[in-house]
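In what follows, a structure is listed as structure tokens, so that the remarks can point back to it.
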């Protein structure tokens, strides 16, 4: 069933709003509501957000828990910062694969307001000021023009939650249709794995070679793709190989007869993963 993605600065009221949503849906729909949040991971927030690898691991754990909870009967609320647009896109791909609707609830506050709420928390639950400021600076606000941020419900601190509108968006709206990158298909091409391996390796070598003469921000052309790789920073071969392995693993579960699309699909995957 549907997924509600909470989004906002640290200490912007996301957990309070998630509890309101949980109570509303349990009372009015009789459905079981699962709230997946940072608290369940029992990780120290300051140490997590001070270390990019720890943060990636936490995001991966939350996404995996959401994927386990999504089913045909229950509602899932992801109560976390969800401040990276690429991560919200991954969640959108997840719900497309599960063929269930979703929406985003954006708790909009000013940095000053959230900072004030942060310092008034119990010491064990506070963000350090340095971590708080860094998270605010990195925050990528949702935009309803992006399909992964829509439907978007923006709520100020004194606003009443538009509960009926959220309910309609989840329970009366059709799930987004699965597409080439999310729909499972039978492996029908005997050459698929060979082509997948060869094409992705060619793309990696093209990127690696192009970086020798390019600068961050350049668009890199790769063999067989009409789309270009957008690199905002230098990427080493180890990171490229890791992303290639992840893409190959995913593609094996979702193969396509149209091997000519592999290059573009891989470029799209890289552009989302490297930003």
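Summary table below
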item: Scan of segment 94-124 for residues that are part of a helix (DSSP H, G or I) and closer than 26 Å to residue 161 by Cα, ordered by number; result: 94, 95, 96, 111, 112, 113, 114, 115, 116, 117, 118, 119
item: Some residue of segment 57-68 being surrounded by 13 or more Cβ atoms within 10 Å (Cβ to Cβ), free of Cβ contacts under 8 Å to residues at least 12 places away in the same chain, part of a helix (DSSP H, G or I) and assigned by TED's automatic domain parsing to the domain that holds residue 17; result: yes
item: Filtered residues of segment 77-100 (kept if on the phi > 0 side of the Ramachandran plot and surrounded by fewer than 20 Cβ atoms within 10 Å (Cβ to Cβ)); result: 99
item: Considering residues of segment 205-251 that are within 11 Å of residue 270 (Cβ to Cβ) and touching a strand residue (DSSP E or B) at 6+ places or on another chain (Cβ under 8 Å) only, the residue surrounded by the most Cβ atoms within 10 Å (Cβ to Cβ); result: 229
item: Qualifying residue in segment 17-37 (condition: farther than 24 Å from residue 100 by Cα and either touching a helix residue (DSSP H, G or I) at 6+ places or on another chain (Cβ under 6 Å) or free of Cβ contacts under 8 Å to residues at least 24 places away in the same chain (or both)); result: no
item: Among the candidates 134, 123, 141, residue that is out of contact with any helix residue (DSSP H, G or I) (no Cβ under 6 Å at 6 or more places or on another chain) and free of Cβ contacts under 8 Å to residues at least 24 places away in the same chain; result: 123
item: Residue under evaluation residue 127, criteria (1) assigned to a loop (DSSP other than H, G, I, E, B); (2) under 15 Å from the mean Cα position of the chain (by Cα); (3) crowded, with 20+ Cβ neighbours inside 10 Å, criterion not met; result: (2)
item: Residue in segment 31-51 that is surrounded by the most Cβ atoms within 10 Å (Cβ to Cβ), counting only those that are at pLDDT 90 or above and outside any strand (DSSP E or B); result: 49
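The values are calculated or read from the model by the stated rules, or taken from the named source; none is laboratory data. Everything numeric here is computed off the predicted structure, so don't read it as measured data. Every residue, glycine among them, receives a Cβ derived from its backbone with ideal geometry; neighbour counts consider all protein chains shown.
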